[in-house]
Structure formats: C-alpha cells, structure tokens
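*Asks:* One structure coming up, written as structure tokens, with questions to follow.
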Amino acid sequence: YLCMKHLGTTPLSEEEFNQWYNPLKQFCETIQTSDQDLYRISVFNDRNQCSSCLFGYAGFNTFSSSDNYPLRRALHGLGIATSNRSILENGYTDLTYMLFSGKYRIHLPAEDDPLSPSEAYYEHLPYALPIGYMVSPDIYRYEATDNPFASQEALLKAMTGHGYHFFEPISLKDLSLLSANATFQDTEQYKIFSRRTELGGTGYVTFSAPLKDAKDYYACFTVDQASADAYSALVVGAANGFHETPALSYGAIAKGTELYGTEKNGYLNISVYLPEETADYVCRDMHFVYYDGSSLPDLYDDLSRGNWNVRSWFSDRVEATVIATEDRNVLFTSIPYENGWNAQVDGSAYPLSSTMDEAFLALDLTPGPHEIVLSYTAPGQKIGAFISVCSVCFSVILFIIRRILKKRSA
C-alpha cells in the first residue's frame, strides 16, 4: 500500500486499497493453490499496472522481464494494445487468449461502480492452450498483415496448416453511424475524427452493427505509431471489462456492446470518443467484423494434441515433456525470445529458434517424445558476479592492508 498510495492522480486511501486488492489477492492465491500448471492471468478494472509485483501472477502486461520491441510489434499486429514500453491487458479476442495461455480472468468492479467488492469474480477459460505446444513448421513463414483479424487467421493457418475462419468482414456502408459534436471523414489515406471545438465538450462517433445470429462484433482502428497520450481518443464498448480505455490510440481490437434503452436497441455499438483535450484523432484504417466462435472447440482440440506437459517450473526454469510429429515438429512457446535463454533436449544442449519475427521462443524437434529444459540466465550475470567477487576480494585486501598499517603505526 505504501508503494501504491501515490501512483494515481489522487492519493489512494488504505480503505480503497483493501476494498479492491483483497479480492484480487484471494483469487490469485486460490488459483495458484488449485492449479500447478504454467499459465497467465488477466485482471480487468485493475487499479494500476503493477499487480504482478504485488501478487506474482503472470499477467498479460508482464509478458517479459524487460522492454521487448519484437514482442510488442508481434502483439500489435494481432490487434493487442501496445505502445512504447507497454503491453496492456485489452485488445484480445478468444483466439489470442487461447494462443497465448490466457487461462484465467479476474474481474474487479469498475472504479466508479457502486456494486460491492463482493461482486468481484474470476473465471477459467475452457479453451486455453498452455505456454508451450507443437505447431507446424509453417509458423516460420507467418507474416502479419495490416488487418489484425486477417493476421489472427493467418497465424492459425501457419500453426495448424488448416484454414480456420472466425471473422466475417463488415463494410462501413453496412454500419449505422451516429455522431454528436464530432465529424468523421473517410479519406483514401486516413480516417479522420474531429471534435467540433466551437461547441465545447466531448464529441463522439458511434459505429453500430445490427445483431446477427448472436455473433460478437469487433472493430480495430489501425495506427502507424501507437500513442500513450492520456488525452487520446477513447473507445467505448464492452472490451472485456474496460468501459473507457485509450485503446483506440494503441490500434487495439475493441468489442461492441448492446446499449439498452437507447435508439440503438438491436445494435452492437463501438464509439470513438474525443475528450475536450483532444481536437482530432487520425488512424490509418478501420476494420469491422462479426466473430463466430463455433469452431473454437475444434481449433482447441487440434492444437491441444501437441501440448507440452510441465513437470516443474520456476521463474527462470521450465522442465516439460512433449511429443513431436512429422507435421507438428516445432515447439511454439509464448515465452518472449530474449538473450539469456538456453535449452536442453533429452539431456543435451540444443539450439533455440524464434517465431513471429523474433518475438517468441521455439524449438525445432525430431519426431518422437522429448524431455525439454528451458533455463534463463540474465545477460551479464556471469561478468557481474565476477566483478562483484573481485570487488569483495579487493575490499578484503584493502581492509587487511589498513589493519597492518594501523598496527605498524601503533
């Protein structure tokens, strides 16, 4: 609490801290006690980005122990919210939760929600792959596209060799647009949202899609360079618990929601909000889709056949067994590719490779069962330890010399 009380714009009271973080702590302890596997946990409506430091869960915003540009670039290409030195816990779909081991989601009430903290809950995602599983060697040929929904399906094909289709594109002309105190221009090069500054106040543009066969509605406003500006445009929908998030400026996928009691009954809505501090917002392109998750169980069954079996793990070491086949001989892990990782296969040192443009660790294996050990040594640790030992020895020598000189002078 002492570390966190001044993180926000206003001091956090101890009562507020206990109200929101006690449920989080309890849920994390319950999950860790009941599940010994290696997985990631997401927290929605978290009060800061440092809960992993408090509770030790491997959240999505703590993929890596250091800033990792290839990792951020790879996730950004899939529509996940990233900016300079930051990966946020929104912009995911059922597919990316599955592929990157999003096994649990903790939901805290919104900060201004009048509901009791007892309304907090956590859920176990039924289709969550582990942090390591076998994929096709085509994974090395995967390239992200400008459309994050197309990138997700391209990644699935590279992993499985099969053409899975989850997203149905929606044309802008098939959407209903509603705006207030804001204008929208669809130019050949850019999509421009402008707030009518002469009127003052917040402006918004809402893109509404009609309900269709109980399918989800997603949108992504792609950007050339993600911005972490606190006054950036907001995307308002039901983005996995986030009601207002600067996710739009990050080029992240947003999920639409139905707004009851408005003229948009029967529609799923995603709104672009321009706060008073923001005159305009420019994005490169917009992508709108319906999502049909009926094939998700089939995809999970397909990939989970190659799951690794974790025998033990610690922060810098994972021991697992896996079975490689002729068509699935690459062990894909959602562990970021960084200098310092080493691998042993069946007791011998083994070369590591990387996938998704140097974003994640992988191993090329021969068909058959294998015992895998992945271990991490921080770059510079050996030379740092050597310098430390030399420093201690030098200090001891100086101490001894000083004592000798002191005795002689006496």
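*Asks:* How far apart, in nm, are two points set 7 Å out from the Cα along the Cα-to-Cβ line at residue 349 and at residue 86?
*Replies:* Between residue 349 and residue 86, the label points sit 4.1 nm apart.
*Asks:* If the label point is 7 Å along Cα→Cβ of residue 294, which residues in segment 167-206 have backbone nitrogen under 15 Å from it?
*Replies:* Flagged as within label range: 167-168.
*Asks:* A further question follows. In percent, what relative contact order does the chain have, based on Cα pairs under 8 Å that are 6 or more apart in sequence?
*Replies:* Relative contact order of the chain: 16 percent.
*Asks:* Let me ask another. Averaged per residue, what accessible surface does the chain expose to a 1.4 Å probe, in Å²?
*Replies:* For the chain, the per-residue accessible area is 51 Å².
*Asks:* Among 348-355, 247-254, 332-339, 396-403, how do they line up from the highest to the lowest mean number of other beta-carbon atoms within 10 Å?
*Replies:* On the way: 348-355: 13.9, 247-254: 27.2, 332-339: 19.9, 396-403: 10.0.
The peptides rank, most packed first, as 247-254, 332-339, 348-355, 396-403.
*Asks:* Can I ask one more? Largest first and in whole Å, what are the equivalent-ellipsoid semi-axes of the chain based on the Cα gyration tensor, each being the root of 5 times an eigenvalue?
*Replies:* Details: eigenvalues 347, 184, 89 Å².
The answer is 42, 30, 21 Å, longest axis first.
*Asks:* Oh, and also: How many percent of the accessible area of the chain is carbon or sulfur, using a 1.4 Å probe?
*Replies:* Values: 10750 of 20850 Å².
C and S atoms contribute 52 percent here.
*Asks:* If you don't mind, there's one more thing I want to ask. Specify whether the C-alpha gyration tensor of segment 264-410 places it in the rounded, prolate or oblate class, a ≥ b ≥ c being the square roots of the eigenvalues: rounded for a/c under 1.5, otherwise prolate if a/b is larger than b/c and oblate if not.
*Replies:* oblate
*Asks:* Got a sec? What order do 298, 292 fall in by accessible area at 1.4 Å, biggest, i.e. largest, first?
*Replies:* Descending accessible area places them as 298, 292.
*Asks:* While we're looking at this one, here's another question. Among 302-310, 185-193, what's the highest-first ranking by average C-beta atoms within 10 angstrom per residue?
*Replies:* The packing order, highest mean first, is 302-310, 185-193.
*Asks:* Straight distance only, please: which aspartates and glutamates reach the Cα of residue 212 with their own Cα at less than 15 Å, same-chain residues fewer than 8 apart left out?
*Replies:* 168, 174, 258, 292
*Asks:* Right, next: What is segment 51-93 by shape, rounded, prolate or oblate, if you read a ≥ b ≥ c off the alpha carbon gyration tensor as root eigenvalues and call it rounded for a/c under 1.5, prolate for a/b larger than b/c, and oblate otherwise?
*Replies:* It is oblate, given that a/c is not under 1.5 and a/b is not larger than b/c.
*Asks:* Any idea what the dipole of segment 53-166 comes to, in debye rounded to 20, about its Cα centre with Lys/Arg Cβ at +1 and Asp/Glu Cβ at -1?
*Replies:* It works out to roughly 500 debye.
*Asks:* What's the FRET efficiency of residue 13 with residue 317 using the Cβ-Cβ distance as r and R₀ = 35 Å, to the nearest 0.05? Let's see the in-between values first.
*Replies:* Working: r = 40 Å, r/R0 = 1.15.
Efficiency at R0 = 35 Å is approximately 0.30.
*Asks:* When the helix-only estimate is applied to the chain (DSSP H runs of n ≥ 4, each -39,500 (n - 2.57), divided by the residue count), what is the mean residue ellipticity at 222 nm, nearest 500 deg cm²/dmol?
*Replies:* After summing the helix terms and dividing by the residues of the chain, the value is -7000 deg cm²/dmol.
*Asks:* Which one of 135, 33, 203 has its Cα pushed farthest toward the positive end of the charge dipole of the chain, where Lys and Arg give +1 and Asp and Glu give -1 at the Cβ?
*Replies:* Checked the options; the winner is 33.
*Asks:* While we're looking at this one, here's another question. Give me the dipole magnitude in Debye, nearest 20, for the chain about the Cα centre, with unit charges on the beta carbon: positive for Lys and Arg, negative for Asp and Glu.
*Replies:* Rounded to the nearest 20 debye, it is 2200 debye.
*Asks:* Among the listed pairs 103/191; 157/215; 103/157, which are separated by more than 29 Å between their Cα atoms?
*Replies:* Details: 103/191 36 Å; 157/215 22 Å; 103/157 22 Å.
Long pairs (Cα-Cα over 29 Å): 103/191.
*Asks:* Another question, then. Looking at segment 150-209 from every direction and averaging, what is the projected area of its Cα convex hull in nm²?
*Replies:* Hull-based average projected area comes out at 6.0 nm².
*Asks:* On C-alpha positions alone, give me the angle between the axis of helix 148-160 and the longest principal axis of the chain, in degrees, nearest 10.
*Replies:* Roughly 50 degrees between the two axes.
*Asks:* State whether segment 87-228 is rounded, prolate or oblate according to the following rule on the C-alpha gyration tensor (a ≥ b ≥ c being the square roots of its eigenvalues): a/c under 1.5 gives rounded; otherwise a/b larger than b/c gives prolate, and the remaining case gives oblate.
*Replies:* Here segment 87-228 falls in the oblate category.
The values are calculated or read from the model by the stated rules, or taken from the named source; none is laboratory data. Everything quoted here is computed from the prediction, not taken from an experiment. Note that we place each Cβ from the backbone using ideal geometry, even for glycine, and neighbour counts take in every protein chain shown. We work out accessible area using only protein heavy atoms, side chains counted, and drop any ligands, DNA or RNA first. Shrake-Rupley method; radii C 1.70, N 1.55, O 1.52, S 1.80 Å.
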